[in-house]
1. Report, by residue number, each residue of segment 154-193 that is more than 20 Å from residue 87 (Cβ to Cβ) and part of a loop (DSSP other than H, G, I, E, B).
2. Within segment 139-156, is there a residue that is among the aromatic types (Phe, Trp, Tyr) and over 24 Å from residue 50 (Cα atoms)?
3. Being part of a strand (DSSP E or B) and surrounded by 14 or more Cβ atoms within 10 Å (Cβ to Cβ) is the filter here; which residues of segment 135-153 pass it?
4. For segment 170-182, indicate whether the set of residues that are closer than 20 Å to residue 52 by Cβ and crowded, with 17+ Cβ neighbours inside 10 Å is non-empty.
5. Which of the residues belonging to segment 101-118 are open to solvent by 50 Å² or more (accessible area, probe 1.4 Å) and touching a residue at least 24 places away in the same chain (Cβ under 8 Å)?
6. Between 234, 239, 244, which is farther than 24 Å from residue 123 by Cα, part of a helix (DSSP H, G or I) and modelled with pLDDT of 75 or more?
7. Consider segment 247-275. How many of its residues are modelled with pLDDT of 70 or more, open to solvent by less than 50 Å² (accessible area, probe 1.4 Å) and aliphatic (A, V, I, L, M)?
8. Here's a check for you: in segment 43-70, which residue that is within 20 Å of residue 158 (Cβ to Cβ) and assigned to a loop (DSSP other than H, G, I, E, B) is most open to solvent (accessible area, probe 1.4 Å)?
Amino acid sequence: MRVKRSVIAASALVLSFSLAPRALADPTAEDRAAADVLFREGRALIKQGRYAPGCSKLAASQKLDPMAGTLLALADCYELNGETASAWATFNDAEAMARKAGDPRRSKEAARRAGLLEPQLSRLVIEVAPEARVEGLEVRRNAKLLDAALFGSAIPVNPGEHTIEAAAPGKKAWSAKVLIAPKAGQSAVRVPRLEDAPPPDAAAAPAPERPSRARAAASAAPAASSWSAQKTVGLVLGGVSLAGIAVGAVFGVDTLLKVGEARSQHGCTDDDPPRCDAEGIELHRAANTTANISNVAFAAGGAVLIAGLVVFLTAPSSDAAPKAALEVRLQPAVGAGTAGMSLRGSF
């Protein structure tokens with residue numbers, strides 16, 4: 001059988017390689033040139049045993065410049081590649097084209113090859129249950145829509161895996177895979193009644209969850225906060241204390257600069273009051289003022305820092321705890337020849 005098949009394939013190739021009459025279409029010279037290149041490349045690939053790419057080249061050549069000889073070569077390539085259904089259909093197309101073109105030799109050869117191949121075809125029957133034939137039903141084989149007239153018919157198909165899909169409005173989609181053996185025979189697949197699809201609203205909205213008693217109680221109770229207003233006040237006081245200490249440092253440095261200038265440039269002594277010229281006396285007075293401001297700022301900053309720590313550390317753990325009244329006052333204290341600040345608070 002293998003030797004006979006090879007002889008048949010070789011004879012078909014000899015016929016297809018010879019000059020063939022043109023089809024009724026009138027391709028351009030460029031189309032014919034491109035088709036000839038594709039045809040020669042396809043033949044070369046087939047001789048190398050690379051049937052799939054060779055068939056693609058021949059199919060492209062036939063599309064550019066339709067010829068009965070090219071169809072014969074393409075059908076033979078399909079058969080060599082195991083695509084028996086495609087080969088059988090292409091042989092029939094070649095027979096019709098050659099007969100129409102008045103080429104009895106190719107017409108006879110194509111009919112003979114198709115007749116030899118027909119008993120070897122694998123066939124697939126797609127049955128659709130009566131209850132599945134609803135309005136809008138679409139059945140597809142390998143993503144290609146199947147005409148309803150083919151339901152229940154034994155369709156020649158190429159061996160291999162085939163995917164059958166069915167869909168209809170308001171129904172769940174269905175699909176199945178069937179493996180067709182590379183031999184003569186008939187396989188069947190049945191499309192069942194499609195299940196109803198859930199309503200769009202039901203599919204989109206999840207079922208409401210019933211909260212447990214513990215969860216309901218937890219949601220009803222106010223959320224406890226781990227941070228309280230009193231802690232915030234403590235942090236604010238800490239910030240104020242740092243500002244006061246910074247002010248004290250600035251004025252302290254300024255005091256040292258003034259005293260240094262009075263000593264170095266005006267000869268002021270360390271006596272009280274110092275002995276020096278008038279400008280040195282003014283520098284000493286200014287230094288006394290900045291020194292008092294520095295002392296007050298340092299004292300106030302330290303006091304506020306201590307108060308902030310007390311307020312922060314004594315704050316309750318949550319807002320749910322009873323809140324104590326909190327009041328902090330920072331007041332200046334001025335006396336004869338002195339200056340200061342007083343801190344008062346109540347909790």
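1. Correct list: 168, 169, 170, 172, 173, 192, 193.
2. We begin by selecting, within segment 139-156, every residue among the aromatic types (Phe, Trp, Tyr); these are 151.
Those still in the list that are over 24 Å from residue 50 (Cα atoms) too: 151.
Within segment 139-156, one or more residues are among the aromatic types (Phe, Trp, Tyr) and over 24 Å from residue 50 (Cα atoms).
3. Restricting attention to segment 135-153, the residues satisfying the condition of being part of a strand (DSSP E or B) are 138-141, 144-145.
Matches in segment 135-153: 139, 140, 141.
4. Scanning segment 170-182, I find at least one residue that is closer than 20 Å to residue 52 by Cβ and crowded, with 17+ Cβ neighbours inside 10 Å, so the answer is yes.
5. Once the filter is applied, which keeps residues that are open to solvent by 50 Å² or more (accessible area, probe 1.4 Å) and touching a residue at least 24 places away in the same chain (Cβ under 8 Å), segment 101-118 yields 102, 105, 116, 118.
6. Numbers: 234 fails: modelled with pLDDT of 75 or more; 244 fails: modelled with pLDDT of 75 or more.
Step by step, each of 234, 239, 244 is checked, and only 239 is farther than 24 Å from residue 123 by Cα, part of a helix (DSSP H, G or I) and modelled with pLDDT of 75 or more.
7. Of the residues in segment 247-275, 2 are modelled with pLDDT of 70 or more, open to solvent by less than 50 Å² (accessible area, probe 1.4 Å) and aliphatic (A, V, I, L, M).
8. Among those residues, the one meeting the criterion is 50.
The values are calculated or read from the model by the stated rules, or taken from the named source; none is laboratory data. Keep in mind that this is a model prediction, so the values were computed, not measured. Here Cβ is always computed from backbone atoms with ideal geometry, including for glycine, and neighbour counts include all displayed protein chains. Accessible surface is based on the protein model in full, side chains and every heavy atom, while ligands, DNA and RNA are left aside. Shrake-Rupley method; radii C 1.70, N 1.55, O 1.52, S 1.80 Å.
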